[in-house]
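Read the structure below first, then the notes.
The values are calculated or read from the model by the stated rules, or taken from the named source; none is laboratory data. Given the structure is predicted, the values throughout are model-derived calculations rather than measurements. Cβ: placed from backbone, ideal geometry, glycine included. Neighbour counts: every protein chain shown. Calculation scope for accessible area: heavy atoms of the full protein, side chains included, ligands and nucleic acids excluded. Shrake-Rupley method; radii C 1.70, N 1.55, O 1.52, S 1.80 Å.
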Amino acid sequence: LFLDEVGELPMQMKSKLLRVLENGVITPIGAEESHSVNTRVVAATNRDIEHEIEAGNFREDLYYRLNMAEVTLPPLRSRRADIPRLALHFLDLSNEEFGQDVRLSSRALIRLQNTKFPGNIRDLKNIVGRAVLLTDKEVIEPEDLDDIAPKEEAELEASPVLHEEFDLKAYLDDIRQKLYRKALEKAS
């Protein structure tokens, strides 16, 4: 059983969940009889549960009941090297789902690498899916992402994370365009 965002459960539900985990017995809604269950539970949250326990928002006994093994995944913004591979995977899925044959340019992949993705991998998947759905082109360019991806002002000094599809010429062209734009803005 996968419990997504277990930190968001109301305190009353946390008590009931703890009872189920301890006893292995559930009573379906509307039923009079209880049933034993034998299941493994995987729980996920984006909250700092230890902080939530201190604040009184999460039961310490439930935490220790769930926390047999903990896996901490850093946010996508901390794993920029994974973004191109994930974006290309989501591109394949979206192309199949929408019956398209669209590609992402190297510059678009660099743009995605410089995006913070507050919604993490789900956010990246949705952005790629929207780009495929909304485009009428064969290749998605960075400017095609302007309305659907949060635009970050990337540091010009920051070096890109290299990946299989990395195109140095496209990257340098993109930097050159940004420098020209900044120069024109300052001159105006």
* To do: Return the total of residues in the stretch 61-82 being open to solvent by 100 Å² or more (accessible area, probe 1.4 Å) and over 19 Å from residue 24 (Cα atoms).
  => 5
* Kindly list, by first and then second residue, each pair from a residue in the stretch 4-15 that is loosely packed, with under 12 Cβ neighbours inside 10 Å to a residue that is not charged (D, E, K, R), limited to pairs with Cβ atoms under 7 Å and residues at least 6 apart or on different chains. => 4/44; 5/44; 5/45
